Structure formats: C-alpha cells, structure tokens
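K.L.:
Please read through the structure below; I'll follow up with questions.
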Ligand code: SF4
Ligand code: SF4
C-alpha cells in the first residue's frame, strides 16, 4: 500500500490502471533477474522477451476497465518499472491524461 500525505494512493490505482495502458514501450524489463522474470507467465511476455506483451498499448496482464476498476494480474511478480510509477508523478499524469482522467494531487 502506498501512503502519502495521509491519502491512500493505492486506491487511486485500483480505479485507474492508465499507466498500464499508456504505451507498449512502458512495461519493459530492466534490472530483473532471470529468476524473477521466470515467474512471469510466458504468455504475458512479448516475442522479444524484452517486456510485457501488449495488446495495442495495453499490457496483457491488466485486468478490468481503465478509469473504472483495474488490477494487475501478476502484481506480486510485476516488472520493476511497474513498481516505480507512483500516483501523482509525471508519468502518472501523462498516462491519466491519455484517458481523460484528472491529475492526482499528492500535496
Ligand atoms: S496512472 Fe497513476 S493512478 Fe493510475 S494506475 Fe498508474 S500510478 Fe496509479
Ligand atoms: S505488469 Fe501489471 S503493473 Fe505492469 S504494466 Fe502490466 S498490468 Fe500494469
């Protein structure tokens, strides 16, 4: 759970998911070990083994409807880049804008 300024920001993500549908170039693998990557189901990994498989710009592990209710289907083993996008940061704002969602104010 992410807590910032007393707001439960993880609940923002559960009704959002925009960063998981922003670009097929976003959910890329980076510093994960081979052991960590092996935990991600093969069907959800792209052909080049360089990141998550996407349908258009949407990560194939994303469940639900963006802007309504979403969840990561591989939350416990998701790539590092997915752990660094924080509600209210610049990437979050870009992604939310794409889907017509308001920017999250954290201060
Ligand atoms: S775009 Fe922001 S609020 Fe939406 S899921 Fe990503 S980090 Fe959470
Ligand atoms: S792996 Fe999970 S957190 Fe990462 S982009 Fe896909 S759905 Fe989102």
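K.L.:
Specify the inter-centroid distance of region 15-57 and region 90-107, based on alpha-carbon positions, in whole Å.
P.N.:
After rounding, the separation between the Cα centres reads 21 Å.
K.L.:
If you don't mind, there's one more thing I want to ask. Mind checking which of 85, 19, 54 has the largest fluctuation in a GNM of the chain, springs on alpha carbons under 10 Å?
P.N.:
Looking only at 85, 19, 54, the largest GNM fluctuation is found for 85.
K.L.:
Does the chain come out rounded, prolate or oblate, given a ≥ b ≥ c as the square roots of the eigenvalues of its C-alpha gyration tensor, rounded meaning a/c under 1.5 and, failing that, prolate meaning a/b above b/c?
P.N.:
Prolate, because a/c is 1.5 or more and a/b exceeds b/c.
K.L.:
Most fluctuating residue of 58, 97, 28 in a GNM of the chain with Cα springs under 10 Å: which is it?
P.N.:
97
K.L.:
Per the helix-only calculation at 222 nm, which mean residue ellipticity applies to the chain, given -39500 (n - 2.57) for every DSSP H run of n ≥ 4 and division by its residues, nearest 500 deg cm²/dmol?
P.N.:
Computed mean residue ellipticity for the chain: -5000 deg cm²/dmol.
K.L.:
Between residue 48 and residue 35, what length comes free when the chain is fully extended (0.36 nm per residue of separation minus the Cα-Cα distance, one decimal in nm)?
P.N.:
That works out to 2.9 nm of additional length.
K.L.:
Now, a different point. Just rank 99, 29, fewest to most, by other beta-carbon atoms within 10 angstrom.
P.N.:
So the ranking, lowest neighbour count to highest, is 99, 29.
Coordinate-derived values only; no laboratory data. As the structure is a computational prediction, the values presented were derived from the model and not from experiment. Glycine gets a Cβ as well: all are built from the backbone with ideal geometry, and neighbour counts include every protein chain shown.
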